[in-house]
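Participant: Quick one: the structure is below, questions incoming.
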Amino acid sequence: MTTDQNPSTAGSKPLRADARRNRARLLEVAEAVFAERGTGASTEEIAREAKVGIATVFRHFPTKEALLEAVLVRRLEKLAEEGRRLAAEAGPGDALFAFFDLVLDQSPVKNAFAAALADAGVDTRAATSDAGRAVREALTALLEDAQRAGAVRRDLEVPELTAILVGTCRMLEHLDGHPEAALRARTVVRDGLRAGTGGARP
């Protein structure tokens with residue numbers, strides 16, 4: 001897996017500071033280009049936006065799939081970081097629901113990356129295992145904090161919450177083009193998570 005924290009490949013020397021900066025810049029540009037133009041955007045487009053030669057892109061990412069994978073991992077790592085930030089800075093209930101909304105907002109782009117990688121034969125679950133684990137850990141901490149504060153129903157556990165997130169993402173895809181209906185649907189789901197809407201944990 002290719003990440004910002006571990007940019008070198010197995011058996012290779014760690015990247016120099018300037019090379020790490022160049023790689024981070026390429027990932028930043030690639031993330032913006034893919035988000036704006038879709039995963040069909042070419043590496044040549046990314047090189048132009050980053051104002052580097054295509055050889056520079058391929059020196060860091062030998063294939064477009066390697067670049068897509070690195071961007072997806074970076075997005076998940078940033079999501080986990082945001083979860084930790086919310087846990088430290090926001091009230092427990094507010095933090096969980098803010099993270100819930102963030103996951104929903106980012107889902108379309110994340111799913112597009114995952115679909116493109118799967119079409120190329122990449123095992124996305126394996127490729128994102130570390131970053132995905134960090135996201136789950138952040139979600140677990142947020143849920144536990146919200147439950148201790150009495151903001152979220154206590155009979156809810158991480159597997160169900162994860163399934164609810166996935167299902168809500170699919171629901172919002174179905175409501176694409178109907179923003180008012182999507183907002184109402186989000187409200188229904190959020191209200192169902194709040195304390196007082198279910199029984200005690202079995």
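Participant: Can you name every residue in the stretch 1-58 that is open to solvent by less than 80 Å² (accessible area, probe 1.4 Å), within 18 Å of A116 (Cα to Cα) and either in contact with a Cys (Cβ under 8 Å, 6 or more places away or on another chain) or at pLDDT below 90 (or both)?
Facilitator: Within the stretch 1-58, T2, A35 qualify.
Participant: Among the numbered criteria (1) out of contact with any Leu (no Cβ under 8 Å at 6 or more places or on another chain); (2) in a helix (DSSP H, G or I); (3) free of Cβ contacts under 8 Å to residues at least 40 places away in the same chain, which one does G177 miss?
Facilitator: Going through (1) out of contact with any Leu (no Cβ under 8 Å at 6 or more places or on another chain); (2) in a helix (DSSP H, G or I); (3) free of Cβ contacts under 8 Å to residues at least 40 places away in the same chain one by one, G177 breaks only (2).
Participant: Restricting attention to the stretch 69-91, and to residues there that are among the basic types (K, R) and open to solvent by less than 50 Å² (accessible area, probe 1.4 Å), which single residue is nearest to the chain's Cα centre (by Cα)?
Facilitator: Restricting attention to the stretch 69-91, the residues satisfying the condition of being among the basic types (K, R) are 74-75, 78, 84-85.
Restricting the remaining residues to those that are open to solvent by less than 50 Å² (accessible area, probe 1.4 Å) gives 74-75.
Numbers: R74: 8, R75: 5 Å.
The extreme case among them is R75.
Participant: Continuing with the same structure: What pairs come out if I take residues in the stretch 183-194 that are more than 17 Å from R154 (Cβ to Cβ) and pair them with residues that are of a type in the set (D, E, K, R) whose C-beta lies under 9 Å away, six or more apart or interchain?
Facilitator: R186/D101
Participant: Take A66 and decide whether it is open to solvent by less than 40 Å² (accessible area, probe 1.4 Å), assigned to a loop (DSSP other than H, G, I, E, B) and not β-branched (V, I, T). Lay out the reasoning, then the answer.
Facilitator: Details: open to solvent by less than 40 Å² (accessible area, probe 1.4 Å): yes; assigned to a loop (DSSP other than H, G, I, E, B): no; not β-branched (V, I, T): yes.
Judged against the criteria, A66 is not a match.
Participant: In addition: Just one of (1) in contact with a Lys or Arg (Cβ under 8 Å, 6 or more places away or on another chain); (2) modelled with pLDDT of 90 or more; (3) over 30 Å from L142 (Cβ atoms) trips up P62, so point out which.
Facilitator: Going through the list (1) in contact with a Lys or Arg (Cβ under 8 Å, 6 or more places away or on another chain); (2) modelled with pLDDT of 90 or more; (3) over 30 Å from L142 (Cβ atoms), P62 breaks only (1).
Each row is one residue, and each column tells you yes or no for (1) surrounded by 12 or more Cβ atoms within 10 Å (Cβ to Cβ); (2) within 20 Å of E81 (Cα to Cα).
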| site | (1), (2) |
| --- | --- |
| P108 | yes, yes |
| L117 | yes, no |
| S129 | yes, yes |
| D145 | yes, yes |
| V152 | yes, no |
| L161 | yes, yes |
| T187 | no, no |
| G192 | yes, no |
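The values are calculated or read from the model by the stated rules, or taken from the named source; none is laboratory data. None of these values were measured; they are calculated from a predicted model. FYI the Cβ positions are ideal-geometry reconstructions off the backbone, even for glycines, and counts take in every protein chain you see. Calculation scope for accessible area: heavy atoms of the full protein, side chains included, ligands and nucleic acids excluded. Shrake-Rupley method; radii C 1.70, N 1.55, O 1.52, S 1.80 Å.
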